[in-house]
Amino acid sequence: MQKIVILTGAGISAESGLGTFRDEGGLWAQHRIEDVATPEGFARDPALVHGFYNARRVQAAKARPNAAHAALARLQRDWPGEVIIVTQNVDGLHEAGGAEDVIHMHGVLAGALCAACGHRWPAPEEMAVGEPCPACNGPTARPDVVWFGEMPYRMDEIYDHLAGAAIFAAIGTSGQVYPAAAFVHEAIAAGARTVELNLDPSDTVSSFDETRFGPATQTVPAWVTELLGQSE
């Protein structure tokens, strides 16, 4: 049974209305990454950071999964082997689209984290500066998202999956954010066949055996249909 490991990035959620780092006019365009997506930025101005993630949380709650999310859920359901979805996205659209056991390497907007004791709990729609942790009561609540300069979650588990992959796909990723950008090289070392599905070529496009360009809602369902046809 061939294992498929899929890495998804912001591009798979863009057609659901969630902006990427590079979108003009979106939430990210209104702030410097250093101010809203680093531990140092949170230490300098926690109110700004909470306000930014509160806005993202509201935006994500309104979004609905698209055909690409649904196609990956179908692949998980119908593929005779294991299908592992690793996402850089902090939205819940994979799960809303029917996927299971998604690995959120950069955390989730729907989660809160205590910066002191590490306790996690469901985030309210709006988080505020000094919000107490339910476990230790410290005023140290923060969004449960991985910021630049922090180690992504479940990396050992991800590398184990990559080592056993027969097929590796990167969908909607820029190839600019590490360590995810290097996953293709881990998969190649394991002997996997690699494919990039993207609106435009990523920074790591030359590393892939196969490339497909276009909107995720078109390329992903077509790729899934081909794979499932080959497995019959």
| task | Output the number of the condition that PHE213 fails; it satisfies all remaining conditions of (1) touching a residue at least 60 places away in the same chain (Cβ under 8 Å); (2) in contact with an Asp or Glu (Cβ under 9 Å, 6 or more places away or on another chain); (3) not hydroxyl-bearing (Ser, Thr, Tyr). | result | (1)
| request: Being touching a residue at least 60 places away in the same chain (Cβ under 8 Å) and open to solvent by 40 Å² or more (accessible area, probe 1.4 Å) is the filter; apply it to segment 79-114 and report the residue that is farthest from SER16 (Cα to Cα). | output: PRO80
| query | (1) in a loop (DSSP other than H, G, I, E, B); (2) more than 27 Å from GLY17 (Cα to Cα); (3) open to solvent by 10 Å² or more (accessible area, probe 1.4 Å): which one isn't true of ASP156, the others all being true? | reply | (1)
| query | In segment 166-196, which residues are under 16 Å from TRP223 (Cα atoms) and under 15 Å from the mean Cα position of the chain (by Cα)? | reply | ALA169, ALA170, ILE171, GLY172
| Whichever residue in segment 60-78 is farther than 17 Å from ALA10 by Cβ and basic (Lys, Arg) and, among such residues, is least open to solvent (accessible area, probe 1.4 Å) | ARG74
| field | Matching residues in segment 92-149 - criterion: being of a type in the set (Asp, Glu) and within 22 Å of the chain's Cα centre (by Cα) | value | GLU95, GLU100, ASP101, GLU125, GLU126, ASP144
| The listed residue being surrounded by fewer than 18 Cβ atoms within 10 Å (Cβ to Cβ), among the charged types (D, E, K, R) and over 22 Å from PHE183 (Cβ atoms), out of ARG120, ARG142 | ARG120
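The values are calculated or read from the model by the stated rules, or taken from the named source; none is laboratory data. Everything quoted here is computed from the prediction, not taken from an experiment. With ideal geometry, Cβ positions are generated from the backbone for all residues, glycine too; neighbour counts draw on all protein chains shown. Surface accessibility is based on the protein's heavy atoms, side chains included, excluding ligands, DNA and RNA. Shrake-Rupley method; radii C 1.70, N 1.55, O 1.52, S 1.80 Å.
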